[in-house]
Amino acid sequence: MTHVGVVAGRELRSYFMSPVAYVVIAMFLLIVGVLTYLAAIQASTVAMQQMQVRGVVPELHVNELVFRPVFGNLAIILLLLLPMLTMRLFAEERKMRTLELLMTSPITVTEMVLGKYLAAVVVFAVMIGLTGLTPLMLSFFTDIEWLPLASAYGGLFLMGALFLAVGLFSSSLTENQIIAVFVSFGILLLFWMVGWAAEALQGQPIAQVLLYLSIVNHFDPFVNGLIDTRDVVYYLTSIVFWVFLTHRIIESQRWR
């Protein structure tokens, strides 16, 4: 097993030996369930109204009426929940004074950062993987367009992976886990709000720059079933950027 795998395995054991992962996953699944239920109720209400007007059972697009609003809301939910998954990754090491031990071990800084990040990504993948049971159950009662749904899941995974990279960076800055959560939330909220600023400055050259930096702007096409390489590149380069910054922060500890 590589050093990255060793670090990732250590972090995964820490996740599931503490209540953090269980609480975050349970909250996420509960919220997804409630959002899906409310969206399904709304879709059935629309169907009843159309049936009363037309006199026939209308053909409903489940992806548009149920999954699209659910995935739109999940972006906000992940913004609030994912910093809880990353808050302890380096902050706890600093607080317990074990970071110095890791720095003197045969494990390189790159392997340490990648291993911790990989563990958080695995937990997140489990979270969104469990939500796949919902469309599977609904498929017994209605037709579902699987390709647009897969696109939405792909976008959700990329956006969540970016959130985790920002959270990893925030955790590397402090030994206080609460501060790490708020720093992560603040950075993510800032990149969320630049989309609003782009709309306010519409028509000006800087608006295009702000629009490109907006996290939500790159997520919406995935929810609509569109996979654009520009959006994929945005998420991947952003992930690499924040992981690189984390590497530089931890690397600087060698010289202190």
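The values are calculated or read from the model by the stated rules, or taken from the named source; none is laboratory data. Note that the coordinates shown come from a computational prediction; the quantities given were computed from them, not determined experimentally. Positions of Cβ are generated from backbone atoms using ideal geometry, with glycine treated the same way; all protein chains shown enter the neighbour counts. Ligands, DNA and RNA are stripped out before the accessible areas are found, and what is left, the full protein with its side chains, is counted by its heavy atoms. Shrake-Rupley method; radii C 1.70, N 1.55, O 1.52, S 1.80 Å.
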* To do: Kindly check whether there is at least one residue in the range 147-160 that is of a type outside the set (Gly, Ala, Ser), within 23 Å of Met17 (Cα to Cα), touching a residue at least 40 places away in the same chain (Cβ under 8 Å) and loosely packed, with under 15 Cβ neighbours inside 10 Å.
  => no
* Structure fact -> Per the filter on the range 72-112, residues assigned to a helix (DSSP H, G or I) and in contact with a Gly (Cβ under 8 Å, 6 or more places away or on another chain) are Leu78, Leu82, Pro83, Leu85, Thr86
* Mind counting the residues in the range 198-222 that are surrounded by 15 or more Cβ atoms within 10 Å (Cβ to Cβ) and over 21 Å from Ile239 (Cβ atoms)? => 3
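Taking into account only those residues within the range 194-206 that are under 24 Å from Leu158 (Cβ atoms) and not charged (D, E, K, R), which is modelled with the highest pLDDT?
Val194
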* Structure fact -> Subset of the range 210-256, residues among the aromatic types (Phe, Trp, Tyr) and either more than 22 Å from Leu168 (Cα to Cα) or not in a helix (DSSP H, G or I) (or both), comes to Tyr212, Phe222
* Asked: So is Leu168 touching a Lys or Arg at 6+ places or on another chain (Cβ under 7 Å) and buried (at least 17 other Cβ atoms within 10 Å of the Cβ) or not?
  -> yes
* Any hit, the range 136-146, residues being in contact with a helix residue (DSSP H, G or I) (Cβ under 6 Å, 6 or more places away or on another chain), open to solvent by 60 Å² or more (accessible area, probe 1.4 Å) and either in a helix (DSSP H, G or I) or more than 26 Å from Ile227 (Cα to Cα) (or both) -> no
* Extreme residue, farthest from the chain's Cα centre (by Cα), among residues of the range 111-135 that are open to solvent by less than 10 Å² (accessible area, probe 1.4 Å) and within 14 Å of Leu12 (Cβ to Cβ) -> Gly115
* **Condition met for Ile179 (farther than 21 Å from Val32 by Cα and surrounded by fewer than 19 Cβ atoms within 10 Å (Cβ to Cβ))** => yes
* Find all pairs meeting these conditions: Cβ atoms under 8 angstrom apart; at least six residues apart or on different chains; first residue within the range 27-52 and among the basic types (Lys, Arg); second residue in a helix (DSSP H, G or I) and at pLDDT 70 or above. => none
* Asked: Cβ-Cβ below 9 Å, separation at least six or inter-chain, first residue in the range 1-14 and of a type in the set (Gly, Ala, Ser), second open to solvent by 40 Å² or more (accessible area, probe 1.4 Å): which pairs?
  -> Gly5/Leu118; Ala8/Leu114; Ala8/Leu118; Ala8/Val122; Gly9/Met1; Ser14/Glu92
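Conditions tested, residue by residue: (1) at pLDDT 75 or above; (2) surrounded by fewer than 16 Cβ atoms within 10 Å (Cβ to Cβ); (3) not small (Gly, Ala, Ser).
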position	(1), (2), (3)
Val20	yes, no, yes
Ile41	yes, yes, yes
Gln50	no, yes, yes
Gly55	no, yes, no
Pro58	no, yes, yes
Ile77	yes, yes, yes
Met87	yes, no, yes
Ala91	yes, no, no
